[in-house]
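The values are calculated or read from the model by the stated rules, or taken from the named source; none is laboratory data. Computed from a predicted model, the values in this text were never measured in an experiment. A quick note on method: Cβ atoms are made from the backbone with ideal geometry, for glycine too, and the neighbour counts reach across all protein chains shown. To get the accessible areas, we keep the full protein, side chains included, count just its heavy atoms, and leave off ligands, DNA and RNA. Shrake-Rupley method; radii C 1.70, N 1.55, O 1.52, S 1.80 Å.
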Amino acid sequence: MNRYTPYLQLLKKGIEELDTWRELWGSSEAPVPDPDRMFSALEPFLERLKGNYPFHHPAYAGQMLKPPHPAAWLAYTLAMTINPNNHALDGGPPTSEMEKEAVGMLCNMAGFGKGALGHLTSGGTVANLEALWIARELHPDKSIASSASAHYTHERMCRVLKARHITIPELADGKPDPDSLYRYRNEIGTLVVTLGTTGLGKVEPLEHLLNLCRELKIRVHVDAAYGGFYKLIAGTDWLHEKHWSSLPEADSIVIDPHKHGLQPYGCGCVLFRDPSVTRFYRHDSPYTYFSSEDLHLGEISLECSRSGAAAAALWFTFQMLPLTVDGLGSVLISCRKAALNLAGLLNKSRRFRLYMEPQLDIVCYFPVTDRLSTGEITAVSKQIFRRGVEDREKPLFVSLITISADEFSTRHPDIHTDTEEVTILRSVLMKPEHESCTGELFNRLENLALEIQ
């Protein structure tokens, strides 16, 4: 019996129950696939899947990729045999209710009140698009601002929305420059604050920026697509509260369940503190919204067809891992411990140096070379990256990130700058299994650096 056997047994039981449900409605006329043809196609299909990296394995610490929780894929698979659509209630009555309940749990986690509005999306990009669309509708004559470290899609989505965008430069410590906010105070309608940048994992100072924005009468949208679930452990020994205590004061928040919520792609979520923004969603649809006077999720979403299976998977996962410190928070604690453990080992190393202390579970670092120049660091970092992937016996999957030489020199002024940019190594420790494997990951890095240098 392997680790997935119990879930496969549950899946079989669930499908049997669904077959019983179908019998109540009579036989289906849907064509039955030819078994021989399906098996002949299955072999090359499985062969092609072998080209994936082992995202499930602790050796993979590269990008923000990991398999969903077995509870999620169990619920998702069962719901997909029906394939509900959470646009209108008659497209998926049970899964629409599950979505409302799951989104309510996320609102509670964020600290929003009962009147808050939210729904699931196909991912964080679309969730942020909706938040920025509302920002544009509220202040059509003003700009949307985000820091230089914010995700590139904010500026791109502003172009989609034909909204002006302002990039706020950062100070030497990586925080958004408050003087720039004062300079553009009459031009900015909404500021995007990122709780967990996808590159370095930086958490921007929400409390400070909220106070400043209140003074300047600027709305605040929080992009917590990556770091949102860390709210569960804020204030514990593993994460300071100061970055998270002001989250309920944000005007809108984006959280991605398909990251730390252990869900399959795509499952994003957008939340609005003020439910009156529903006025911007109002539209006519002559053939939907008739089955119930209750809220149809399509009435508060830019997307029409949306997966009911995604809502079912999220709801079921929250039954297994509730949004508490001891529930889903225990997974976040393991990820945070893994990052702190690896950072501690890197700080003691003679072959590597930590770029910055990890604020979540992303650790960035670089090899200490003989010449200690940005060009040499880039070259050796790329070699370690390639060697790790190419080693079939003991692979190590990390990633790379490119930083401007000016930003790099601010943190490490002793290193000679001979390039305009520097590429360093990056590890995303977002799987709880990483906690027990950081020593092995570190030893593999040390060995790779020794082989190259």
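Tabulated data for the structure shown
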read-out	value
Burial order of peptide ranges 418-424, 306-312, 187-193 (average beta-carbon count within 10 Å, highest first)	306-312, 187-193, 418-424
Relative contact order (%) - the chain, alpha-carbon pairs under 8 angstrom, separation at least six	19
Cα centroid separation, segment 295-364 to segment 399-445 (Å)	20
Dipole magnitude of segment 372-453 about its Cα centre (Cβ charges: Lys, Arg +1; Asp, Glu -1), debye to nearest 20	300
Kirkwood Rh in Å, taken over the chain so that all alpha-carbon pairs contribute	23.9
Cα point-scatterer Debye curve for segment 185-276, base-10 log of I(q)/I(0) at q = 0.17 Å⁻¹	-0.74
Magnitude of the charge dipole, the chain, Cβ model with Lys/Arg +1 and Asp/Glu -1, debye to 20	680
Separation of the Lys348 and Ser404 label points, Cα + 7 Å toward Cβ, nm	3.7
Kirkwood-based shape ratio for segment 187-238, expressed as Rg/Rh from alpha carbons	1.02
For segment 294-453: accessible area per residue (Å², 1.4 Å)	43
Average accessible area per residue (Å²) across segment 101-237 - probe 1.4 Å, nucleic acids and ligands excluded	39
Solution diffusion estimate, µm²/s, Stokes-Einstein, segment 337-411, Kirkwood Rh from C-alpha pairs, 25 °C, viscosity 0.890 mPa s	184
Residue-count net charge about Glu357 - beta-carbon cut-off 11 Å; Lys, Arg +1, Asp, Glu -1	+2
Along each principal axis, Cα extent of segment 209-363, largest first, Å	68, 42, 27
Cα-based Rg and Dmax for segment 49-101, where Dmax is the largest Cα-Cα distance (Å)	15.6, 45
Segment 399-453, accessible surface, carbon-and-sulfur percent (1.4 angstrom probe)	44
Heavy-atom accessible surface of segment 174-223: percent carbon and sulfur, 1.4 Å	45
Where Val428, Val368 fall by accessible area, highest first, once all protein chains stay in place (1.4 Å)	Val368, Val428
Local electrostatic count, Pro205, Cβ distance below 9 Å [Lys/Arg +1, Asp/Glu -1]	0
Area projected by the alpha carbon convex hull of segment 394-433, averaged over all directions, nm²	4.3
Among 116-124, 378-386, 174-182, the order from most to least packed when residues are scored by Cβ within 10 Å on average	116-124, 378-386, 174-182
Neighbourhood charge, 10 Å Cβ-Cβ cut-off, centred on Thr121 and excluding it, Lys, Arg +1 and Asp, Glu -1	-2
Pairwise FRET efficiency - Glu451 versus Leu46, Cβ, R0 = 35 Å, nearest 0.05	0.55
Cα-based Rg / Dmax (Å) for segment 93-231	15.3, 52
Antiparallel bridge percentage (DSSP; both residues within segment 315-452; nearest 5)	95
Accessible-area order (highest first, 1.4 angstrom probe) of the listed residues Glu446, Glu299	Glu299, Glu446
Taking all pairs of distinct alpha-carbon atoms in segment 7-143, Kirkwood radius in angstrom	19.6
